[in-house]
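Single-structure report; data block below.
The values are calculated or read from the model by the stated rules, or taken from the named source; none is laboratory data. In this text, all values refer to a predicted model and were calculated from it rather than measured experimentally. A quick note on method: Cβ atoms are made from the backbone with ideal geometry, for glycine too, and the neighbour counts reach across all protein chains shown. All accessible areas refer to the heavy atoms of the entire protein, side chains included, with ligands and DNA or RNA removed. Shrake-Rupley method; radii C 1.70, N 1.55, O 1.52, S 1.80 Å.
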Amino acid sequence: MSLYLGIETSCDDTSCAVYSPEKGIVAYRTASQLDHAKYGGVVPEIASRTHMKTLLPLFETVMEDAGLELSGLAGIGVTNGPGLTGSLLVGLSFAKALSFGSGLPLAGIHHIEGHILANAIDGPMETPAVVLVVSGGHTQLFEVERPGRYNLLGGTHDDAAGEAFDKIGKILGLPYPGGPSIEKAAREGDAAAFDFPRAMRTSGECDFSFSGLKTAVRLKVEELEGDSRGLPGGTVADVAASAQEAIVDILAIKSVMAVERTGAARFYIAGGVAANGRLRDVMSERVGAAGAKVSWPPIRYCTDNAAMIACAACHHISAGRTDGLELNTFPRGELISWA
């Protein structure tokens, strides 16, 4: 049985996992950083320092859970970008040290590829497929020919969908992160209460823009507040539901367009926003009606995690694509085909 270690420290979650193509996830743990909530967003310096304290004991716990020594691994995968440079460096430096000390092959994994291959953790991913990667930092549509072969169909011109959720949540005074808070508030609201914009709806391209939605919500909240010190009762839920519907609606419109253009019979959602129940329901209905079977990872593999990195490392290393100790981090960068 081949076993691969994955390490993920691209933002504020420290995560380690051991993956086997025969058994799936053998051991997996993630330590989430809670200090950032009081700042309304991730503070890079705090994130990187916390990774430094957390990564080694977390790794030791995961290896103990798996009943493994380093010699029992077939290789190591680590996220080397995109992400926060300081956070990425902690994980990459640790992975390099393990590789150097053990002689195990090392593979740097693009964070977006990790999210895509989260759909392959519990079983083979059916390809060709269209994948919507939707998270705090990314909103992109890919045509996936097979693992390692990716064609970008469209992306966001400004804010990502998850970023829009966070900013709108802050405008409404909801707890950080905004996505789960807005989804919770929206359950009590009327999604048709406010007609928020769906940018680039008729552009004819598979691209997105969410900055205008954020501005529209802010202006509407300022109008509703007037001279009062808060929104009228029930209005927060209505704004949350209407904003969520605008985000989900445009994601579905562009996803249907991508499926129709590629003729793909499979459609996957990936990334933290894939945990949103309204998004999953709408995609199942509308993309399904376009002829594609819709799937998403278990919720524990939607947000940043090392399970997806270990799975991706298995694909890289078993195909013979590895990296040397000169491997570096990158804060931004497109996903490039390697197979």
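Only Lys, Arg, Asp and Glu carry charge here, each on its Cβ (+1 for the first two, -1 for the last two); on that basis region 218-269 has a dipole of about 380 debye about its Cα centre. In this Cβ point-charge picture (+1 for Lys and Arg, -1 for Asp and Glu), the chain has a dipole of about 240 debye about its Cα centre. If R0 is 30 Å, the Cβ-Cβ spacing of Leu70 and Ile336 corresponds to a FRET efficiency of close to 0.50.
The listed residues Met52, Met283, once ranked by accessible area (1.4 Å probe) with the largest placed first, stand as Met52, Met283. Summing charges over all other residues whose Cβ lies under 10 Å from the Cβ of Asn151, with Lys and Arg as +1 and Asp and Glu as -1, gives -1.
The angle separating the long axis of helix 306-318 from the principal Cα axis of greatest extent in the chain is about 50 degrees. Using a 1.4 Å probe over the heavy atoms of the protein chains, calculate the carbon and sulfur portion of the accessible area of region 173-251 as a whole percent. Of the solvent-accessible surface of region 173-251, carbon and sulfur hold 47 percent. A straight line joining the Cα centroids of region 283-334 and region 145-223 runs 22 Å. Note on Asp35 and His157: the extension gain reaches 40.9 nm, defined as 0.36 nm multiplied by sequence separation minus the Cα-Cα distance.
Would you calculate, for the chain, the mean residue ellipticity at 222 nm contributed by helices, counting each DSSP H stretch of 4 or more residues as -39,500 (n - 2.57) and dividing by all residues, to the nearest 500?
-13500 deg cm²/dmol
Shape of region 208-252 from the C-alpha gyration tensor: oblate (a/c of 1.5 or more and a/b not above b/c, with a ≥ b ≥ c the square roots of its eigenvalues).
Applied to region 238-255, the Karplus parametrisation 6.51 cos²θ - 1.76 cosθ + 1.60 on θ = phi - 60° returns per-residue 3J(HN,Hα) values of 5, 5, 4, 5, 5, 5, 4, 5, 5, 5, 5, 4, 6, 4, 5, 4, 6, 5 Hz, with x for Gly and Pro.
What are the GluC sites (Glu not before Pro) within region 47-118 that DSSP puts in a loop, where the Cβ has at most 11 other Cβ atoms within 10 Å?
Glu69
A dipole drawn for the chain from +1 and -1 charges on Cβ atoms has a positive end, and of Ser209, Gly91, Ala160 the residue lying farthest that way is Gly91. In region 112-211, a dipole from Cβ-located charges (positive for Lys and Arg, negative for Asp and Glu) runs towards its positive end, and of Pro175, Ser135, Ala192 it is Pro175 whose Cα lies farthest in that direction. Both the radius of gyration and Dmax for the chain are 20.3, 67 Å, in that order, over alpha-carbon atoms.
Each Lys and Arg contributes +1 and each Asp and Glu -1, all at the Cβ; summed about the Cα centre of region 136-179, the dipole is approximately 100 debye. Over 29 Å apart at the Cα level, from the set Lys53/Lys96; Lys184/Lys220; Lys220/Lys254; Lys96/Lys214; Lys167/Lys254, are Lys96/Lys214.
Rolling a 1.4 angstrom probe over the protein heavy atoms with all chains in place gives the chain an accessible area of 42 Å² per residue. Label region 52-106 by shape, choosing from rounded, prolate and oblate, from the square roots a ≥ b ≥ c of the eigenvalues of the Cα gyration tensor; if a/c is under 1.5 it is rounded, and otherwise prolate applies when a/b is larger than b/c, oblate when it is not. Cα axes put region 52-106 in the oblate bin.
Size of region 172-309: Rg and Dmax of its alpha carbons, in Å, are 16.3, 53.
With 5 Å bins beginning at zero, the pair-distance distribution over Cα atoms of region 1-140 amounts to 2, 10, 19, 22, 21, 15, 8, 4, 0 %.
Sort 262-271, 40-49 for me by packing, meaning the mean count of neighbouring Cβ atoms within 10 Å per residue, highest on top.
Details: 262-271: 22.4, 40-49: 16.6.
Descending mean neighbour count gives 262-271, 40-49.
Please identify which residues in region 233-268 have an amide N closer than 14 Å to a label point set 7 Å out from the Cα of Asp281, following the Cα→Cβ vector. Taking a point 7 Å out along Cα→Cβ of Asp281, the residues of region 233-268 whose backbone N falls under 14 Å are 241-242, 244-246, 248-249.
Counting only the Cα atoms, region 262-339 fills a convex hull of 138 Å³ per residue.
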